[in-house]
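Read the structure below first, then the notes.
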Amino acid sequence: MDRLPLVVALCCLSAGCLGFGGQPTAPGQPISLSVDNQAAEPYDVRVSIAPEAPTGVDVVYANGTVQRRSPTVLTESGPSSLGSVVDVRLVGANLTSEEFRVPANSGIGTQLRDETGGSMLWLVVRRTTGDDRMQLWTRFQCHPDATTVEARLTIGANDSTALATSCRG
């Protein structure tokens, strides 16, 4: 009786138990983002992960003008202080961004990854139409050792916004 096929099968089956076939843990910090849009219009939400401080911010106005400004424009003022702004985009090294359109009376949930851990997370929330689209920009940061990073953004029916963040582990 040829036992070679049986031996090969047992080796393959036991490889996962012995540590040969396991999934490696991905480096970095997992980020869970959820957005609940209770408003009657869609919103765009951009999340940017910045391992280093942004070097600038491109402010886009309704007339098409783009001005590069200092990042302090986002930390020292609110959207209404800049006039008819339709977008703001962070500029910097190793910056990654993802944008999501959240339909009216709907929500999304997604998983992101901060490859270095402990990066600054920026959220930009804007209406999808009009000359004054900017609703909110904000930032938060968790300790690099945090094993769970969660951000829950709620856009209210009256266009109010609320952000809850959690860093665990």
Q | THR55 accessible area, 1.4 Å probe, all protein chains in place, Å² to nearest 10 | A | 100
Q) For GLN111 and ASN158, what is the calculated FRET efficiency with R₀ set at 30 Å and r taken between the beta-carbons, to the nearest 0.05? A) 0.55
**Q.** Cα lying deepest toward the dipole's positive end in the stretch 91-169, options THR161, SER97, MET134, charges on Cβ
**A.** THR161
Q) When the accessible area of the stretch 76-169 is split by element with a 1.4 Å probe, what percent falls to carbon and sulfur? A) 43
Q. What GluC sites (Glu not before Pro) does the stretch 24-109 have in DSSP loop regions with at most 13 other beta carbons within 10 Å?
A. GLU52, GLU76
Q: Compare CYS142, CYS167 by solvent-accessible area with a 1.4 Å probe and give them largest first, with all protein chains kept in place.
A: CYS167, CYS142
Q: Answer rounded, prolate or oblate for the stretch 17-144, using the Cα gyration tensor with square roots of eigenvalues a ≥ b ≥ c: rounded when a/c is under 1.5, else prolate when a/b is larger than b/c, else oblate.
A: oblate
Q: Would you mind computing, in nm to one decimal, how far apart the modelled labels at GLU150 and THR96 are, each placed 7 Å from Cα along Cα→Cβ?
A: 2.2
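The values are calculated or read from the model by the stated rules, or taken from the named source; none is laboratory data. What you see is a predicted model, and the numbers here were worked out from it, not measured in a lab. Glycine also receives a Cβ, built like all others from the backbone with ideal geometry; neighbour counts cover every protein chain displayed. Ligands, DNA and RNA are excluded from the accessible area calculation, which covers all protein heavy atoms including side chains. Shrake-Rupley method; radii C 1.70, N 1.55, O 1.52, S 1.80 Å.
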